[in-house]
Amino acid sequence: MTPDQSYDLAIFALTIFREARGESYLAKRAVASVIRNRYTHPGWWGKSAAAVCTRPLQFSAMTAKNDPNLTVWPNPDNAAWHDCLSIAAAVYSDTMADNTNGADHYLAPTALPVLPKWAADPADPAKLNEALVTARIGNHVFMKLT
């Protein structure tokens with residue numbers, strides 16, 4: 001593995017950890033799938049896991065100064081961290097299937113005061129646009145916007 005690949009994998013695992021460490025293995029896997037779905041179909045998101053994960057306004061746990069997860073670091077003995085590392089490695093090497101049906105976005109609706117515009121139903125912005133939903137795993141709703 002090259003240094004660039006090691007960096008990519010480390011940022012990938014850290015993003016999964018910060019975004020979904022309290023979720024089930026399947027939910028962590030789904031977050032990883034969204035990241036992969038973005039870098040394998042790179043529009044403006046980026047062409048690598050690290051580029052996708054560190055792009056401003058995409059994964060708040062990695063870029064938003066007001067997100068408390070931005071300063072969370074895994075303990076090497078933490079079981080959730082080990083899950084995130086193994087999931088990142090498997091998804092990165094393309095040996096783990098996408099369990100989101102192609103999602104490129106996700107959110108935890110119950111954690112939000114207002115739905116973001118990209119997730120809202122155009123007819124009723126207070127409701128989720130169900131036409132975009134590809135999966136519901138753990139506390140997250142996965143959506144395909146592109």
Give the number of residues within region 92-146 that are under 20 Å from Ala61 (Cα atoms) and touching a Lys or Arg at 6+ places or on another chain (Cβ under 6 Å). 2
Failed item in (1) more than 14 Å from the chain's Cα centre (by Cα); (2) touching a residue at least 60 places away in the same chain (Cβ under 8 Å), with Ala30 passing the rest: (1)
Checking Ala51 against (1) closer than 17 Å to Tyr7 by Cβ; (2) surrounded by 21 or more Cβ atoms within 10 Å (Cβ to Cβ); (3) in contact with an Asp or Glu (Cβ under 9 Å, 6 or more places away or on another chain), the condition it does not meet: (2)
Subset tally (residues that are among the aromatic types (Phe, Trp, Tyr), touching a Ser or Thr at 6+ places or on another chain (Cβ under 9 Å) and exposed (fewer than 14 other Cβ atoms within 10 Å of the Cβ)) for region 55-86: 0
Can you name every residue in region 22-38 that is crowded, with 20+ Cβ neighbours inside 10 Å and either touching a Pro at 6+ places or on another chain (Cβ under 7 Å) or not polar (S, T, N, Q) (or both)? Glu23, Ala27, Lys28, Arg29, Ala30, Val31, Ala32, Val34, Ile35, Arg36, Arg38
Determine the pairs where a residue that is assigned to a strand (DSSP E or B), located within region 99-122, has a partner that is among the charged types (D, E, K, R) with Cβ atoms under 8 Å apart, the partner being 6 or more residues away or on another chain. His105/Lys144; Ala120/Lys127; Asp121/Lys127; Asp121/Glu130
Restricting the search to region 101-146, which residues are of a type outside the set (A, V, I, L, M, F, W, C) and touching a helix residue (DSSP H, G or I) at 6+ places or on another chain (Cβ under 8 Å)? Gly102, Asp104, His105, Tyr106, Asp121, Gly138, Asn139, His140, Lys144
Restricting attention to region 47-59, which residues are under 10 Å from the mean Cα position of the chain (by Cα) and either part of a helix (DSSP H, G or I) or not hydrophobic (A, V, I, L, M, F, W, C) (or both)? Val52, Cys53, Gln58
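FYI, it's all coordinate maths here, none of it is from the lab. It should be emphasised that the depicted structure is a prediction, and the values quoted were computed from it without experimental measurement. Positions of Cβ are generated from backbone atoms using ideal geometry, with glycine treated the same way; all protein chains shown enter the neighbour counts.
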